[in-house]
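Below you'll find the structure, written out as structure tokens, and then a few comments.
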Amino acid sequence: MARNAHSQHRMRVARVVRSRIENGGERLWRMQDFRDLPFAPVAKALSRLARARSIERLSKGIYYRGRLTVFGRSRPNPSDIQRLAEKSRTIHPAGASAAHMLGFTTQSPALVELSTSANSLPRKLIGAQTVVRTRRPSAWIALTDKDAACLEFLRDAGATSELSPQETIRRMLQLLRADKRFDRLAQIAATEPPRVRALIGALGERMRARSHALTALRSTLNPLSRFAFGVFAALPNARAWQAKERET
């Protein structure tokens, strides 16, 4: 008797789930959209609807209800699914996308580049062509997009800049002075590769940052190491922060 009652309850939940999806039109669905219903029957109902091709499973707990068009089944809006990805994982711009955000280039990147502290990002959510840099330090979770974009730009040694070396340095100094950004980046610099730590130190010295922050940065560097500063080799104090000889 109890088993029969349980089966009937599961079937009622399945009907509610199917009805909401069919009446909801073209949209994305998440498990959270059914939080007023018991989890297990909802999960089973969504799995059955996906197997029946009534909805498409994009990622764990995320589904899409499309519509038929003259070109076939509609596809999810890329902006909507990227926002969904950002809700469950920290995502920041990287590469040319970071350079464009920061004003080092006016060219819109041909490919979107992202960074994340996660080990991976679901391709169906971010797009198959998106370039992803994974496993960034967990300290990045608390950063703004501009903070993280600055670190990505420094990791690339400014290679994505369209500006001259002098203009690139001037622009980066402006970014570091704004909103106490240098202080935030200096605080988490220990989680960055040595070259980035050296670059933050050299730039901080140019903007006359507090001496204790510069001393702390310098103490993390092996004094025998030399780093490729890229365009930042044009900094007057680059050699003092262990930059390699500039290529001629």
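The values are calculated or read from the model by the stated rules, or taken from the named source; none is laboratory data. Everything numeric in this text was worked out from a predicted model, so none of it was measured. In this analysis, Cβ positions are derived from the backbone assuming ideal geometry, glycine residues included, and neighbour counts consider all displayed protein chains.
Odds and ends about this structure:
- Among the residues listed as Ala216, Ala202, Ala190, the single one being among the hydrophobic types (A, V, I, L, M, F, W, C) and surrounded by 18 or more Cβ atoms within 10 Å (Cβ to Cβ): Ala202
- Hey, Ala190 touching a Ser or Thr at 6+ places or on another chain (Cβ under 8 Å) and aliphatic (A, V, I, L, M) or not: yes
- Residue in the range 168-175 that is assigned to a loop (DSSP other than H, G, I, E, B), crowded, with 16+ Cβ neighbours inside 10 Å and not assigned by TED's automatic domain parsing to the domain that holds Lys60 present: no
- Each residue in the range 93-120 was checked for being crowded, with 22+ Cβ neighbours inside 10 Å and within 12 Å of the chain's Cα centre (by Cα), and 8 pass.
- Qualifying residue in the range 45-54 (condition: surrounded by 12 or more Cβ atoms within 10 Å (Cβ to Cβ) and outside any helix (DSSP H, G or I)): yes
- Here Ala157 does not fit the description of being farther than 26 Å from Pro109 by Cβ and touching a residue at least 12 places away in the same chain (Cβ under 8 Å).
- Residue pairs whose Cβ atoms lie under 9 Å apart, sitting 6 or more positions apart in sequence or on different chains, and linking a residue in the range 172-183 that is more than 19 Å from Arg155 (Cβ to Cβ) to a partner that is assigned to a helix (DSSP H, G or I), are Ala178/Lys146; Asp179/Lys146; Asp179/Asp147; Asp183/Ala213.
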